[in-house]
Amino acid sequence: MKKQLITAAVAVMALAPIAAHAVPSGYTLNWSDEFNGAVNSQPNSAVWGFDLGAGGWGNNELETYVNSVANCHVISDAAATDGKALQIEMQTDTSGRYYSARINTGGKKTVGYGYIEYRAQMPNAGAGYWPACWMLGNNIGSVGWPACGEIDIMEEVNGQNNNHGSLHGPNYNPTAIVNGSSFTSAYHTYGALWQANSIAFYVDGNVYETDTAAGAPGGGWVWNNNPNFFLINLAMGGNFPGGPNSSTHIPGDLKVDYLRYYVPGGGTTGTTTGSTSGGTVPTGVHTLTPQCATGSRLDLTGGSTANGNKLQIWAAAGNVNQQWNISVVSGSTYKIQSNAGAVCLDSGGTTTAGGAATVWACQSGNTNQQWTGTAATGGFTFKAGNSGLCLDVAGAGTANGTAVTTYTCNGTNAQTWSVN
C-alpha cells in the first residue's frame, strides 16, 4: 500500500470462485481479530490504533484519515462468518473532500513467520478506490520505508476484481495479480505464508505467487527475523489507481470479516483482544505481559544483549527490546529468544528464589534456558528447567524497571504472563 509508482515484475492469473478453503497443512490458529464487537463499535483499541491526517501519504492520495465511528465501525453482515464484520467507509463533505480510515497494530501487536489471512470484500463503487490489508516491518521508525519491508496481502484498485499480492523492499517490488469475478461482491480469503527466505500469496486457499530471497537483489530481502504489524485502510485516488471519475460512488466501503494468524503446530489460543490464555503457548514472535502490570512487557534492560543482562518490566513500547521469539524444545518446554539478538531468556543458573532472570547466548540443551509453559488464568506460567522456579515480577511491582526474577511458583498474577 505504501508505494509510489514502481516498475515491478508482475504476474497475472485468473482464479475461479471457490466456496471453501483450507489453511496450509500443519498450521493452527495462534491469534485473531474476528471484528465481532458490538454493532457500531470501533475496533479494539488494545490492538488497533488510527493513522490520522491528509497530505497524500506518499502516493498523492486524496483522502483524509480520521478516527470516526462513521468511517470505521463494526456492522451486522449475514455474509460474515459470525454475522459481523469491520467496515471502513469512504465519505465526502459538502466541499467534496474525502474522509476514510486507516488502522494499524503498530506498538500493540506484531507477528513473525506464519500464515496470515484476511477475509474481506472489496469496494464495488467505481474508480479511485484503493483498499488494502497489509503489513509493515516493525522497524520502520528506525530504518524507514522500504528498508522495513512491506507485505501487501489484499490490495485492489478501481473495483476491477483484481487482487495484487506484493512485496516492497530496497530495489525489490515483485507483484502478482489474480483475477476473481466476485472480489467486489462477496467475501474471499487473502493470505500470505511467511517463512524464512520465502513468502507465498494465497486467494481462497490457492497459492498464486511465491517470492524468495534467492530472487531478490542484494539487500532486497528484508523479511527474515523482522516482526511486522498489520494495517487495514481504504484510500481514494493516488498514483496507483488514479483519480475518481463519473463512475465513482460515495459512500463506498471495505469490509473485513476477520484477520487470523496461524503458526506451525500448537493449538488455538488467540482472542479478539490479541492476548492469549489456555492451551498451548503460542510460538513465534510475541510480547510477554505480566498480569500484575498489564500495561508493561518483559523488557531487555537498556536494550543490551550482553551475557548476564538482567531483565525488567517496562511500559509497552512496541520495540525489539520487548519482542521474544518462542519456540518448542519438546512437549511443553520452550526456548524464549530475544528478538534483539542471539540471546535467550536464562534463569541465571540460580536455584535460589529471587535470583535475577537474565539473557545469555542461546545454548542448545542448557536447562537454564528451557522453560515449561503451563496454562493459567489470563495467560501462562513459565518454570525454569534447572530450578523449577517460576518467572516472576519482583514484589508484583508495576513500576518501570521492576526486576524480573525466578521465584517459588505460587500461581499469583506476578507469575502469569499473557503472550501477545
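Take the alpha carbon gyration tensor of region 10-264, find the square roots of its eigenvalues, order them as a ≥ b ≥ c, and report rounded if a/c is under 1.5; if not, report prolate when a/b exceeds b/c, else oblate.
Since a/c stays below 1.5, the shape of region 10-264 is classed as rounded.
Return Glu89, Glu117 ranked ascending by Cβ neighbour count within 10 Å, so the fewest neighbours appear first.
The fewest-first ordering by Cβ neighbours comes to Glu89, Glu117.
For the pair Gln195 and Asp51, how long in nm is the line joining their label points, each one 7 Å along Cα→Cβ?
3.0 nm
For Thr92 and Ala38 in the same chain, what is the full-extension length gain: residue separation times 0.36 nm, less their Cα-Cα distance, in nm?
That pair, Thr92 and Ala38, stretches by 16.9 nm at full extension.
Over the Cα atoms of region 56-134, how large are the radius of gyration and the largest Cα-Cα distance (Dmax), in Å?
So, for region 56-134, Rg and Dmax equal 14.5, 46 Å respectively.
When Phe380, Phe240 are ordered from fewest to most other Cβ atoms inside 10 Å of their Cβ, what list results?
Phe240, Phe380
Among rounded, prolate and oblate, which fits region 110-171 when a ≥ b ≥ c are the square roots of the eigenvalues of its C-alpha gyration tensor, a/c under 1.5 means rounded, and a/b larger than b/c means prolate?
prolate
Of all DSSP beta bridges located in region 10-264, what percent are antiparallel, nearest 5?
90 percent
Give the Rg/Rh ratio for region 53-102, taking Rg as the radius of gyration of the Cα atoms and Rh as the Kirkwood radius, to two decimals.
1.09
Among Ser95, Ser182, Ser76, which one shows the highest mean-square fluctuation when the chain is modelled as a Gaussian network with alpha-carbon springs under 10 Å?
Ser95
Tell me which residues come under 5 Å, amide H to amide H, from Gly355 once H is placed; ignore anything under 5 positions away on its chain.
Those lying under 5 Å, H to H, from Gly355 are Thr406.
By how many nm would the segment from Thr210 to Ala147 lengthen if fully extended, with 0.36 nm per residue of separation less the alpha-carbon distance?
20.7 nm
By count of other Cβ within 10 Å, fewest leading, how are Leu231, Leu167 ordered?
Leu231, Leu167
Relative to the present Cα-Cα distance, how much length would full extension add between Asn245 and Ser182 at 0.36 nm per residue of separation?
Between Asn245 and Ser182, full extension yields an extra 20.4 nm.
Going by amide H atoms built from the backbone, whose H comes under 5 Å of the H on Asn138, apart from near neighbours?
For Asn138, whose amide H was placed from the backbone, the distant partners under 5 Å are Asn228, Phe229.
Run the lone-cysteine check on the chain: no other Cys C-beta under 4.7 Å from the residue's C-beta.
Cys72, Cys133, Cys148, Cys292
Each reported figure results from applying straightforward, stated rules to the coordinates on display, with no laboratory input. Quick caveat: nothing in here was measured; it's all calculated off a predicted structure. Note that we place each Cβ from the backbone using ideal geometry, even for glycine, and neighbour counts take in every protein chain shown.
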